[in-house]
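So the structure is just underneath, and the comments pick up after that.
The values are calculated or read from the model by the stated rules, or taken from the named source; none is laboratory data. Note that the coordinates shown come from a computational prediction; the quantities given were computed from them, not determined experimentally. Virtual Cβ from ideal backbone geometry, glycine too; neighbours counted across all protein chains shown. Protein only, heavy atoms only, side chains kept; ligands, DNA and RNA dropped before computing areas. Shrake-Rupley method; radii C 1.70, N 1.55, O 1.52, S 1.80 Å.
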Amino acid sequence: MLSDDTVAVWEVALSDGVFRIEFAHGTTTGKRIVCINGKEVIRKDWMFKLVGKETFTVGSSETKATIYIEAVSGFAYEYSLEVDGKSLQKFTDSRAKITKTWLLKADGEDYRVVLEKDTMDPAKMFQKWEFVDDGTEAVFPVGEHECCIKATSSGGRRKSGGIVHCLLLDGQKVAASAQ
């Protein structure tokens, strides 16, 4: 993908996937290359300024990301990534609070289901939530299988905001991912 000038690699989890961001920096030429999932999105071959930033978008939601290049001493540089105006760590921590992610395998294929808890939007896989006896649920297909996200009361307001979300694949509970 990139040359031996690759200086940083990050993974960013968004609702529509996990994106691998690679950054190459030629410290003598100032060259800067940004690739997302192996596809080049920025190339600047000759830059006289060796420090600075590169801004681009990630994913179908076009989430803003910025790589910062800072000199630390002599010809040593430090590289950091901000996503949606936050450091990658703060962005990841924030996403963990407002999303729930499940990774599953069906018919030999890997699937990733992400529920945006604040909007109850599971990546627009289905049109609506329906009320059922023990809460709400949304049913949608995953390959040739039936998937269902259920939202039920935890019995207490402090735990998970009072709502527990679970994913069922053909009626079997799927464990949530740490992503």
Exercise. Considering each residue of the stretch 75-91, count those that are out of contact with any Phe, Trp or Tyr (no Cβ under 8 Å at 6 or more places or on another chain) and open to solvent by less than 70 Å² (accessible area, probe 1.4 Å), and give that number.
Key: 5
Self-check item: Search result, residues across the stretch 53-73 that are more than 17 Å from the chain's Cα centre (by Cα) and open to solvent by less than 30 Å² (accessible area, probe 1.4 Å)
Solution: Glu54, Ile69
Exercise. Could you list, in sequence order, all residues of the stretch 93-105 that are in a helix (DSSP H, G or I) and open to solvent by 70 Å² or more (accessible area, probe 1.4 Å)?
Key: Asp93, Lys97
Exercise. Just need a number here: residues in the stretch 1-35 that are within 21 Å of Val113 (Cα to Cα) and free of Cβ contacts under 8 Å to residues at least 40 places away in the same chain.
Key: 2
Quiz item: Pick from the stretch 13-52 the residues that are β-branched (Val, Ile, Thr) and surrounded by fewer than 17 Cβ atoms within 10 Å (Cβ to Cβ): which of them is farthest from Thr63 (Cα to Cα)?
Solution: Thr28
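Quick grid of which residues meet (1) in the same structural domain as Arg20 (by the TED database); (2) at pLDDT below 95:
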site	(1), (2)
Cys35	yes, no
Lys49	yes, yes
Phe56	yes, no
Ser60	yes, yes
Tyr68	yes, no
Ala76	yes, yes
Lys90	no, no
Asp93	no, yes
Quiz item: Only one of (1) out of contact with any helix residue (DSSP H, G or I) (no Cβ under 8 Å at 6 or more places or on another chain); (2) among the aromatic types (Phe, Trp, Tyr); (3) not in a loop (DSSP other than H, G, I, E, B) is not met by Phe48, so which one is it?
Solution: (3)
Quiz prompt | Condition check for Trp10: within 15 Å of the chain's Cα centre (by Cα), assigned to a strand (DSSP E or B), modelled with pLDDT under 95 and surrounded by 14 or more Cβ atoms within 10 Å (Cβ to Cβ) | solution = no
